[in-house]
Amino acid sequence: MKITRIAAYQVDLPLHEGSYKWSGGKSVDVFDSTVVRVETDEGVVGHGEVCPLGPFYLPSYAAGVRAGIAELAPDLIGEDPTQIRKLVGRMDALLKGHAYVKSAVDIACWDILGQVSGLPVCTLLGGRYGDDFVLYRAISQESPEAMASRVAGYRAEGYRRFQLKVGADPETDIARIHAVAAQLEQGDRLIADANTGWLMHDAMRVVQGVRDVDVYIEQPCLSYEECLSIRRHTDHPFVLDESVDGMPILLRGHSDGAMDVVNIKISKFGGLTKAAQARDLCVSLGIAMTIEDSWGGDIVTAAIAHLAHSTPTQYLFTATDFNSYVTRSIAEGAPQRNNGRLKASSRSGLGIEPMFDVLGKPVLDIS
Ligand code: MG
């Protein structure tokens, strides 16, 4: 089988809540997502999606996705999309770094392999664990009272894991964590995600200020070394996210005892192939995971669902259903949250069909 055409579509994904705010005053109102379509000489077609969390979160941006795919695509025509490892190696040889650029192409190839084999992607990634899996709800950064007031509504949607966006001034963040913790019920989990926003002295004050609270601390500071320093000064369960983007840092983190949970975002690793490699390594090392992406719509949510559902249940700390955060559907058959939980499609491939009336004409079309 050979790739004959690669097309990319740009789609805006507005948010139900109007905007999403996190550390350092960062905010996004409308997410700029890219859907990639990979066509083959045998008529099988696969789709992927990638959506950076604005241009100022990870070293990625929406226009960079399209520029990178324009760079890669001409050299991928004629490659076999079912030999995914080989194709990923080809992409790495053609374009050094820029993992996020390769993510949607990689996902589309898994969609193709699933259709060719007649199996859902989660089966190809190792098997389906349980009927469904647990989701978290991110709570956008607002005043402590406003964030606390969100919990009841999200719990009514079935969520029992709440990830607070902190990473601002320590006094307010301590108040945010206490205010939301006061809303929790038996069985709920609370994560305070600073998204790299604290300096070490800020982070030290926060972890000491919430010493009595059952809360996970996620990526308090910018660098791995700063986070490790905080980790060594706190008893709270500890999550690393932004600073873990590949196998070497994952192995180093394990060796240093730097984290209890790792956040695996598919595009941060460069697609399902490498995210699944990281996932399998975490399972072997006994590290739990949050499985998600840097944002996205229906197709990213489908990819998350297949990776999360193929993760042994006790290792899956939580996952994300981004398609319920946004107002626009872009694919039929995408997984839909049910009582705070999600399941991967049982159809072959990703199990989705893009809505081209929503996506419009391709912004990039290479054959
Ligand atoms: Mg995070």
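Before moving on, here are some points about what is shown:
- One residue from ASP169, ASP235, ASP173, ASP202 being touching a residue at least 12 places away in the same chain (Cβ under 8 Å), away from the ligand (no atom under 16 Å from the Cβ) and either in the same structural domain as TYR20 (by TED's automatic domain parsing) or crowded, with 17+ Cβ neighbours inside 10 Å (or both): ASP202
- From the list TYR136, TYR154, the lone residue that is closer than 15 Å to TYR325 by Cα, within 16 Å of the ligand (Cβ to nearest atom) and of a type in the set (Phe, Trp, Tyr) is TYR136.
- Per-region count, region 73-90, residues within 18 Å of GLU39 (Cβ to Cβ) and either touching a residue at least 60 places away in the same chain (Cβ under 8 Å) or touching a strand residue (DSSP E or B) at 6+ places or on another chain (Cβ under 7 Å) (or both): 10
- Enumerated strands (runs of 3 or more DSSP E) restricted to region 269-367, each holding at least 3 residues that are surrounded by fewer than 20 Cβ atoms within 10 Å (Cβ to Cβ): 364-366
- Residue within region 214-231 that is away from the ligand (no atom under 16 Å from the Cβ), among the aliphatic types (A, V, I, L, M) and under 22 Å from GLU185 (Cα atoms) present: no
The values are calculated or read from the model by the stated rules, or taken from the named source; none is laboratory data. Since this is a predicted model, take the numbers as computed values, not measurements. As a convention, Cβ positions derive from the backbone with ideal geometry for all residues, glycine included, and neighbour counts pool all protein chains shown.
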